[in-house]
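Data first, discussion second: the structure below is written as structure tokens.
The values are calculated or read from the model by the stated rules, or taken from the named source; none is laboratory data. Quick caveat, the model's predicted, so the values are computed rather than measured. Ideal geometry is used to build each Cβ from the backbone, glycine not excepted, and the neighbour counts take in all protein chains shown.
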Amino acid sequence: MSAGARPRVSVVVFPGSNCDHDAVHAVEATIGADARPVWHAGTDLGRPDLVILPGGFSYGDYLRCGALARFSPVMEAVRDFAAKGGPVLGICNGFQVLCEAGLLPGALLLNSGQRFRCEDVFVRVETIRTPFTAELTKGDVLRLPIAHGDGNWRAEAATFDDVTTHDQIVFRYCDAAGSRATGANPNGSLDDVAGVCNRERNVVGLMPHPERASEAMLGNADGARLFRSFANGLLLGRTG
């Protein structure tokens, strides 16, 4: 991307998505993106620099979260984009969809305690080897909101070992000081995992909502750091 160019962002909209407008606004406000919604029944993503799968309740979360969305026509285009190295960010339900589609490891299950959690949490940056954390520092603590009933990330032992070996854990729940303290994990997620990436590192999913914490007027702009990291990397030719 040349200096002065606007990043092109496609935000996939499924029936039941409810954070698509938030995602569009966030990337427009934080990185001056040219953002457009893409309806799930289409197969044309345009020519994006970034694809976002937003939060919500795709297909009403019937069967299980993301299970039906993975079959939407648009997902074939998302798979192709990711296979070519295109950056993909899945937020909350978008993370669930990416796991169901096999683009990210593991699965998101019902929260421990079987309760919907809607609150601010703290997450610690575990790797900077993704487009969305490249300009952060390992160990940085971000305050981000969550709103989910199925954020309990789980993986079989072999999958978890593989994820750990290849540095694919992007965020872990922690307390304000960055410690993995008792009570900091809101959903029982394995090893306090809040977000992961694929082996190629261009697909990232996380349960917290950076788009809801992207402007000072919201009382918290920590989420903007993820979008700015992506945009600056794109400008320097590090992403996509």
### Task
Filter the helices (runs of 4 or more DSSP H) completely within region 1-106 down to those with at least 1 residues that are acidic (D, E), more than 16 Å from the chain's Cα centre (by Cα) and at pLDDT 95 or above.
20-31, 74-83
### Task
Count, please, the residues in region 124-149 that happen to be surrounded by fewer than 22 Cβ atoms within 10 Å (Cβ to Cβ), in a loop (DSSP other than H, G, I, E, B) and in contact with a helix residue (DSSP H, G or I) (Cβ under 9 Å, 6 or more places away or on another chain).
6
### Query
Of all residues in region 165-186, how many are surrounded by 14 or more Cβ atoms within 10 Å (Cβ to Cβ), out of contact with any Ser or Thr (no Cβ under 6 Å at 6 or more places or on another chain) and not aliphatic (A, V, I, L, M)?
10
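Could you check how many residues of region 173-208 are part of a loop (DSSP other than H, G, I, E, B), within 20 Å of A101 (Cα to Cα) and either in contact with a helix residue (DSSP H, G or I) (Cβ under 7 Å, 6 or more places away or on another chain) or among the polar types (S, T, N, Q) (or both)?
In the first step, residues of region 173-208 are kept if they are part of a loop (DSSP other than H, G, I, E, B); the result is 175-189, 198-202, 207-208.
Now drop any that are not within 20 Å of A101 (Cα to Cα), which leaves 189, 198-202, 207-208.
Filter once more, so that each one left must be either in contact with a helix residue (DSSP H, G or I) (Cβ under 7 Å, 6 or more places away or on another chain) or among the polar types (S, T, N, Q) (or both): 189, 198, 202, 207.
Total satisfying the criteria: 4.
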### Residues (buried (at least 19 other Cβ atoms within 10 Å of the Cβ) and not in a loop (DSSP other than H, G, I, E, B)) located in region 150-159
N152, W153
### Task
Answer yes if at least one residue in region 111-118 is under 18 Å from the mean Cα position of the chain (by Cα), at negative phi and surrounded by fewer than 15 Cβ atoms within 10 Å (Cβ to Cβ), and no otherwise.
yes
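Quickly run through region 140-171 and pick out the residues that are of a type in the set (K, R) and either without any contact (Cβ under 8 Å) to a residue 40 or more places away in the chain or closer than 11 Å to V121 by Cβ (or both). Show your work before the answer.
Within region 140-171, the first condition is being of a type in the set (K, R), and the residues that meet it are 143, 154.
Correct list: R143 only.
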